[in-house]
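Everything on this sheet refers to the single structure shown next.
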Amino acid sequence: MTPTFITQWKRRIKGTLKKYRLTYIRWRNGFGANELQAALKKLGVHRGDVLLVHSSLDRLEAFTGTITEIITTLQESVGPEGLLLMPTMPFSGSALEWVGSNTVFDIQKTPSRSGLLTELFRRSPGVIRSLHPTHAVAIWGDRADSFGRDHHTSTTPCGKGSPYAKLLEVNGKILLLGVDLSAMTFFHSVEEMLESRMPISPFTKESFQLQSRTATGALVTTTTRLYDPVLSKKRRIHPLKPLLQSRPGQWRQMPLGTTSMILLDAKDVVTALFDMAAEGRFCYEI
């Protein structure tokens, strides 16, 4: 047998095993759109909510519907009077590496590297994307335009003026759909608030002037600091978990298929991180 034949044979075996595994998981733990919507309501997601969603499709393998049905269910859960947000970062490594490639962020053409669900969401009807070269957000709802309008003015990717920071202003919620706290981008908003108290800044000393292309083709310049990739490797956000869990109603979690959903209020996250800072504790191994 040739090496090519062996490689193809291994791929077929792997694909067949994956198919049978998925069939078994959906037989034992499968759930559809109706079950997802009911679970979201029970967890505490209501119409009118401003909801930032972080997700992993790999962990949602027990879902028996389509990816579009997940998006539709999330939209129906908050309704057009609410807002549904998903991060659509254009990189999978670090922002500094992305900036080093000298690529101009295009609000319409640059794909999201924050997961397939976020990419399909940003392409969905009625969804707008905030204009920011490293941490753009896809937003759906009647107030989407105004909520994403000022992102290009933020002097840090998730700081003042960004949709992430605005979560706090509207008592927004954060849904971790098959992911853990390490996926919570809102943490960076709080970092900007706490920067003066931290023993070392999580941001680069240098400010970068980065360009983004709007839907009309115009170029917009954003002046921003980025996250220090060396310090980012030392980030350990999990000490926040037991603190939130110890406070009644602040850590809402329930099983979903073979994974779980976690719902947090942005204001509770801010309070907990400020309480940690008051004790000299930060989410870094410094």
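Annotations for the structure displayed:
- Shape call, the range 135-286: gyration tensor on alpha carbons, a/c limit 1.5: oblate
- By DSSP, the beta bridges lying fully in the chain are antiparallel in about 70 percent of cases.
- Within the chain, longest stretch free of exposed GluC sites (Glu not before Pro) [DSSP loop, at most 13 other beta carbons within 10 Å]: 82-278
- Based on every Cα atom in the range 199-276, Rg and the maximum pairwise Cα distance Dmax equal 18.4, 50 Å.
- Lys/Arg +1, Asp/Glu -1 at C-beta; the chain dipole; positive extreme among SER189, ALA165, PHE105: PHE105
- Expressed as a whole percent, the accessible area of the range 179-254 that falls on carbon and sulfur atoms is 51 (1.4 Å probe).
- Coordinate range along principal axes, alpha carbons of the range 115-209, Å, largest first: 44, 31, 25
- Label zone at SER232, where the point sits 7 Å out along the Cα-to-Cβ direction: the range 150-179 residues whose backbone N lies under 16 Å: 156-159
- Within the range 164-243, trypsin sites (Lys or Arg not before Pro) in DSSP loop having at most 16 other beta-carbon neighbours inside 10 Å: LYS233, LYS234, ARG236
- Relative to the Cα centre, the charge distribution of the chain, modelled as +1 at Lys and Arg Cβ and -1 at Asp and Glu Cβ, gives a dipole magnitude of about 1120 debye.
- Shape summary: the chain maps onto an equivalent ellipsoid whose semi-axes, from the alpha-carbon gyration tensor, are 31, 25, 22 Å in decreasing order.
- Across the range 130-136, rounded Karplus estimates of 3J(HN,Hα) from the backbone phi angles (6.51 cos²θ - 1.76 cosθ + 1.60, θ = phi - 60°) give 5, 8, 8, x, 10, 10, 4 Hz, Gly and Pro being marked x.
- Alpha-carbon centroids, the range 180-201 and the range 48-66: separation in whole Å: 24
- Choice from SER77, SER207, SER56 showing the highest fluctuation, given a GNM over the chain with Cα pairs closer than 10 Å: SER207
- Each residue of the range 224-238 was assigned a 3J(HN,Hα) from its phi angle through the Karplus curve 6.51 cos²θ - 1.76 cosθ + 1.60 (θ = phi - 60°); the sequence is 8, 7, 10, 7, 5, x, 5, 6, 4, 5, 9, 6, 9, 7, 5 Hz, with glycine and proline shown as x.
- Within the listed set GLY82, GLY44, GLY217, the residue fluctuating most in the Gaussian network model of the chain (springs between alpha-carbon atoms under 10 angstrom) is GLY217.
- Over the Cα atoms of the range 157-214, the radius of gyration divided by the Kirkwood radius equals 1.01; this is the Rg/Rh ratio.
- Within a Gaussian network of the chain (alpha carbon springs, distance under 10 Å), most fluctuating of SER232, SER212, SER162: SER232
- Mean residue ellipticity at 222 nm, helices only, the chain: -11000 deg cm²/dmol; runs of at least 4 DSSP H residues each add -39,500 (n - 2.57), and the sum is divided by the number of residues.
- Within the range 248-286, trypsin sites (Lys or Arg not before Pro) in DSSP loop having at most 14 other beta-carbon neighbours inside 10 Å: ARG281
- Pairs over the 31 Å Cα-Cα cut-off, from the set LYS166/LYS234; LYS14/LYS233; LYS166/LYS241; LYS233/LYS267; LYS14/LYS109: LYS14/LYS233; LYS14/LYS109.
- Projecting the Cα atoms of MET254, VAL270, HIS238 onto the charge dipole of the range 209-277 (Cβ charges, centred on the Cα centre) puts HIS238 farthest toward the positive pole.
- Label zone (VAL220, point 7 Å along Cα-to-C-beta; backbone nitrogen cut-off 14 Å) within the range 99-127: 105-109.
The values are calculated or read from the model by the stated rules, or taken from the named source; none is laboratory data. Keep in mind that what you see is a predicted model, and the values were worked out from it rather than measured. Neighbour counts run over all protein chains shown; Cβ positions are idealised from the backbone, glycine included. Only protein heavy atoms, including side chains, enter the accessible area calculation; ligands, DNA and RNA are left aside. Shrake-Rupley method; radii C 1.70, N 1.55, O 1.52, S 1.80 Å.
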